[in-house]
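I have placed the structure first, in the form of structure tokens, so that the comments after it can refer back to it.
The values are calculated or read from the model by the stated rules, or taken from the named source; none is laboratory data. Treat the numbers as computed from the prediction; the structure is a model and nothing was measured. Cβ placement follows ideal geometry from the backbone for every residue including glycine, while neighbour counts extend to all protein chains displayed.
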Amino acid sequence: MKCFTKAKGKGGQGKVLNIHLKDIEGYEENCISYDDGVECFFQMIQTRMTYKTSCGKLMPRNAQYNKLYGSVEIVLSATSKVEIVQKSTGVSI
């Protein structure tokens, strides 16, 4: 998690959480969450665990911040869902 200062007029401090995902086929994607989403997922996410995500938003990859090769990134908001999967059939972080 990183903290940053938002642009003028956007209101103070912000938080961002970048998570590198690997899907079941081994492809890497970036998952990103801001502010309220960070509060929801930061304590929950652990490395080498398998998760199922829903209600995220696919956005074009921002190459300035996302150095992975995928063409999209997943944006999770506070209303997105992330669940731990017992079997390794989901997305591994």
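For the reader, a short list of remarks on this structure follows.
- Sole residue being surrounded by 12 or more Cβ atoms within 10 Å (Cβ to Cβ) and modelled with pLDDT of 85 or more, chosen from VAL72, VAL82, VAL91: VAL82
- Inside the range 28-44, residues that are in contact with a Gly (Cβ under 7 Å, 6 or more places away or on another chain) and of a type in the set (Ser, Thr, Tyr) make up a count of 1.
- All positions within the range 69-84 that are within 21 Å of PHE42 (Cα to Cα) and not in a strand (DSSP E or B): SER77, ALA78, THR79, SER80
- Of all residues making up the range 15-35, the number that are of a type in the set (S, T, N, Q) and either loosely packed, with under 12 Cβ neighbours inside 10 Å or in a helix (DSSP H, G or I) (or both): 0
Conditions (1) aliphatic (A, V, I, L, M); (2) over 10 Å from the mean Cα position of the chain (by Cα), marked per residue:
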{"residue": "GLY12", "(1), (2)": "no, yes"}
{"residue": "ASN18", "(1), (2)": "no, no"}
{"residue": "ASN30", "(1), (2)": "no, no"}
{"residue": "SER33", "(1), (2)": "no, no"}
{"residue": "VAL75", "(1), (2)": "yes, no"}
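- When LYS6 is tested against the conditions (1) in contact with a strand residue (DSSP E or B) (Cβ under 9 Å, 6 or more places away or on another chain); (2) surrounded by fewer than 16 Cβ atoms within 10 Å (Cβ to Cβ); (3) within 21 Å of GLU83 (Cβ to Cβ), the lone failure is (3).
- Residues that are among the charged types (D, E, K, R), free of Cβ contacts under 8 Å to residues at least 24 places away in the same chain and either closer than 15 Å to THR79 by Cα or surrounded by 12 or more Cβ atoms within 10 Å (Cβ to Cβ) (or both) within the range 36-68 comprise just one, LYS57.
- Residue selected from the range 1-35 under the condition touching a residue at least 12 places away in the same chain (Cβ under 8 Å) and of a type in the set (Val, Ile, Thr), by the criterion nearest to MET59 (Cα to Cα): ILE32
- Condition check for ASN30: among the polar types (S, T, N, Q) and in contact with a Leu (Cβ under 7 Å, 6 or more places away or on another chain): yes
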